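Below is one structure; the comments refer to it alone.
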Amino acid sequence: MPDLPQIFEIQKVVVEADGIRTLVFAGDFEFAPGQFAMIWLPGIDEKPFGIWRTRPGEFRITVAAVGKFSRKLAAQKVGAKIGIRGPLGRGFSIPKKKKVVLVGGGFGVAPLLGLAERAENCELDFVIGARSEKFLFGEKYAEKMGAKIWIATDDGSCGEKCFSTHLLEKIIAEKRLVLANAGIDAVFSVGPELMMKKVAEICRAAKIPSELSLERFMKCGVGVCGSCAIDDGGFCVCREGPMIEGERALKMAEFGKYRRDSVGVRENFRK
């Protein structure tokens with residue numbers, strides 16, 4: 001039942017990168033790639049996290065230890081039990097027999113790994129971006145899934161010294177040398193909102209459908225409290241998202257400009 005937490009025991013903890021941990025659970029927890037779950041630590045809080053998997057019979061939660069709750073969650077050990085409520089929200093459409101580009105930034109790569117695992121007979125180009133090599137996550141999983149890997153780091157310590165969106169433009173340009181329509185059927189992206197806005201703009205110009213994963217402050221996760229509603233139009237991210245088509249996102253005045261914190265105060269994105 002998605003409205004009640006289920007208790008799961010941590011089977012494995014994987015150190016992915018500096019400050020990034022993946023908690024692995026066993027169980028038939030069915031979800032669509034891009035959906036999320038509310039993670040409950042009794043006596044502490046409940047927060048939303050993306051869920052993904054590398055094979056049936058398991059599921060994973062990747063945590064970047066950046067706040068009070070995420071640090072507590074990342075510090076959990078094998079055998080610890082936590083509450084998981086979900087799956088919640090609207091996930092990505094699952095591509096079949098298509099040419100797809102996945103563009104991820106930071107630990108936003110995790111939901112895209114879940115999508116790559118479910119993609120059927122697709123040709124995958126996977127762009128992975130991070131501040132530096134020590135924060136790079138997801139390459140080893142993507143390679144096992146047969147994706148062609150493209151890496152961008154802000155400092156050039158691994159891959160190319162550029163943003164993930166620069167590599168997306170490069171992929172489109174290279175494929176256009178072969179096919180007039182860029183030879184890409186869809187682009188999926190998860191990461192910082194400014195990055196995703198650029199992805200959507202690139203895809204609009206290239207006439208390629210795109211799907212993104214929005215992030216807003218969530219309290220209930222089921223569309224009751226309204227804390228994650230987008231200002232213009234009331235799009236409720238937890239219920240109508242977090243997946244949203246790029247074209248629809250670009251029409252939102254708030255997208256790529258600001259979001260609101262736990263008490264509704266506006267926070268502008270830093271460019």
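Summary of computed values
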{"quantity": "At most 15 other Cβ within 10 Å, DSSP loop - trypsin sites (Lys or Arg not before Pro), segment 126-205", "calculated": "Arg131"}
{"quantity": "Cross-link table Lys99/Lys170; Lys68/Lys219; Lys99/Lys161; Lys134/Lys175; Lys97/Lys170, entries beyond 21 Å C-alpha to C-alpha", "calculated": "Lys99/Lys161; Lys134/Lys175; Lys97/Lys170"}
{"quantity": "Orphan Cys of the chain, criterion: no other Cys C-beta under 4.7 Å", "calculated": "Cys122, Cys158, Cys162, Cys203, Cys228, Cys236, Cys238"}
{"quantity": "Relative contact order, percent, the chain [alpha-carbon distance under 8 Å, six or more residues apart]", "calculated": "16"}
{"quantity": "As computed over the chain, the Cα convex hull volume per residue (Å³)", "calculated": "122"}
{"quantity": "Calculated FRET efficiency for the pair Val263/Val24, C-beta based, R₀ 30 Å, to 0.05", "calculated": "0.30"}
{"quantity": "Helix axis angle, 164-176 relative to the chain longest principal axis, alpha carbon, degrees", "calculated": "40"}
{"quantity": "On Cα atoms only, tilt of 193-206 relative to the major axis of the chain in degrees", "calculated": "30"}
{"quantity": "Cα-centred dipole magnitude for segment 25-135, charges only on beta-carbon of K, R (+1) and D, E (-1), debye, nearest 20", "calculated": "220"}
{"quantity": "Candidates Arg259, Arg55, Arg248, ranked by Gaussian network fluctuation over the chain, Cα under 10 Å, top entry", "calculated": "Arg55"}
{"quantity": "Descending principal axes extents, segment 125-271, alpha-carbon based, whole Å", "calculated": "47, 37, 29"}
{"quantity": "Per residue accessible area in Å² of the chain, where ligands, DNA and RNA are left out and the probe is 1.4 Å", "calculated": "47"}
{"quantity": "Nearest 10 degrees, 0 to 90: helix 109-118 Cα axis against the chain principal axis", "calculated": "80"}
{"quantity": "Cut-off under 5 Å, modelled amide H: who pairs with Glu254 long-range", "calculated": "Asp232"}
{"quantity": "GluC sites (Glu not before Pro) restricted to segment 28-90 and DSSP loop, no more than 14 other C-beta within 10 Å", "calculated": "Glu30"}
{"quantity": "Pairwise FRET efficiency - Glu245 versus Arg270, Cβ, R0 = 22 Å, nearest 0.05", "calculated": "0.30"}
{"quantity": "Accessible surface of segment 1-64, 1.4 Å probe, proportion on carbon and sulfur as whole %", "calculated": "52"}
{"quantity": "Relative contact order, percent, segment 103-226 [alpha-carbon distance under 8 Å, six or more residues apart]", "calculated": "22"}
{"quantity": "Alpha carbon centroid spacing (whole Å) that separates segment 243-271 from segment 77-101", "calculated": "22"}
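The values are calculated or read from the model by the stated rules, or taken from the named source; none is laboratory data. These numbers were taken from a predicted model, which means no experiment stands behind them. Neighbour counts are summed over all protein chains in view; Cβ atoms, including those assigned to glycine, are modelled from backbone coordinates with ideal geometry. To get the accessible areas, we keep the full protein, side chains included, count just its heavy atoms, and leave off ligands, DNA and RNA. Shrake-Rupley method; radii C 1.70, N 1.55, O 1.52, S 1.80 Å.
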